[in-house]
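The values are calculated or read from the model by the stated rules, or taken from the named source; none is laboratory data. In this text, all values refer to a predicted model and were calculated from it rather than measured experimentally. Virtual Cβ from ideal backbone geometry, glycine too; neighbours counted across all protein chains shown.
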Amino acid sequence: MGKNIVYPFETFSEFLDEPYLKKISLLYDKIYVCEASLSLLFEGSTPEYLNYQKTTMEYLIDKKVIEVFPYNFEKFDNPENNKTVNDIQLELKNVLSNFSLPNSKKSKKVKLSDYTPEEIEKLRQEFFFDNFLASDLSARLDAIYLSKKTNDDFYPFLRINPTTPIENKKANVINLILGDIPEPEPGTPWEAILDYKSDEEIRNKYLALVNWINKVSKSEFDVNEIKDEYDYLLSEYNRQYKIHKLKSRNSIIEVIINMGTGLLTSLGSGDFVGAFKSIIKAEPARIKLMEEESKLLGREVGYVYHTQNKFQSREVNTFNVDKNVQLVRRPLK
């Protein structure tokens, strides 16, 4: 069963979403984006400053990193009267009302010149907060709808901590792990991320992590207890893998020295069979090292450790948007 994330993509004058897309692509099988949110990039002429966003999204769609799904009003249907769905819809309605209130109801100030620069910036950040929150809530409804309609698991990407709690235990476990997945540096090419994920050993580690998530999500432990176990396993794997690397380095050096001595002696005497045997002797040592690694405590979450070591992370505020960045909307006809 695939692990997919519904991403509330927004088109900004700068590609703000790319760092988050890189981060979540390291943990999920596919990123689902609603086609309506891509209309500015793919319908009609695209402004030149959006060309990089457009070509990048086209590349990710072509590589099956991103899957585009149609906007569906059925996500608002709730025949089962699910409480979570009702609560999300109510919160979404309240957030959307912030965009439609007349200025007179928000404030006595009606012109931009009536505001100080500090007040304008505060209103701007409040707008982005509400915008992100509305997108998050819509993504939660999409994830619930898609999970019901398919055999896969869908989880929403949330920029804002939700007021309506997430009741899905597995979703909460995945979220706590996502917090430890690094956000690659801006200069990290997508090819490096795709190559990393396609590596056979890394893929096996990823599957081990998914298997662990599935098991603990079905256990009697609550999320806090699962976090304690996860932290312990990750810490132990970190410690043991460092020891394993030292042993591996020493073993490899020993094999090279022994192989080199035997190889040179055999080649010098014309004993090519002996030279071949010297090379073959190195293989059991390599297999032994691989077997030892497969027995390390915490190997279930080893994927997180290796991903952290592969990609350097940076801290980003998820909704404090720089004053030079604008949210781009298609003009109303």
Residues of the stretch 148-203 being acidic (Asp, Glu), in contact (Cβ under 8 Å) with a residue 12 or more places away in the chain and more than 24 Å from residue 78 (Cβ to Cβ), in sequence order, are 180, 183, 185
Is it the case that some residue within the stretch 147-166 is in a helix (DSSP H, G or I) and loosely packed, with under 15 Cβ neighbours inside 10 Å? yes
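Residues checked against (1) modelled with pLDDT of 95 or more; (2) closer than 24 Å to residue 37 by Cα:
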position	(1), (2)
142	yes, yes
157	no, yes
168	no, no
182	no, no
188	no, no
195	yes, no
212	yes, no
Suppose we filter the stretch 169-186 for residues that are part of a loop (DSSP other than H, G, I, E, B) and buried (at least 17 other Cβ atoms within 10 Å of the Cβ); how many remain? 4
The stretch 187-222 - residue that is out of contact with any helix residue (DSSP H, G or I) (no Cβ under 9 Å at 6 or more places or on another chain), not acidic (Asp, Glu) and not in a helix (DSSP H, G or I) and, of those, surrounded by the most Cβ atoms within 10 Å (Cβ to Cβ): 189
Residue 59 being surrounded by fewer than 17 Cβ atoms within 10 Å (Cβ to Cβ) and either farther than 25 Å from residue 93 by Cβ or hydrophobic (A, V, I, L, M, F, W, C) (or both): yes
Surrounded by fewer than 17 Cβ atoms within 10 Å (Cβ to Cβ) and either more than 15 Å from residue 143 (Cα to Cα) or free of Cβ contacts under 8 Å to residues at least 60 places away in the same chain (or both): does that describe residue 52? yes
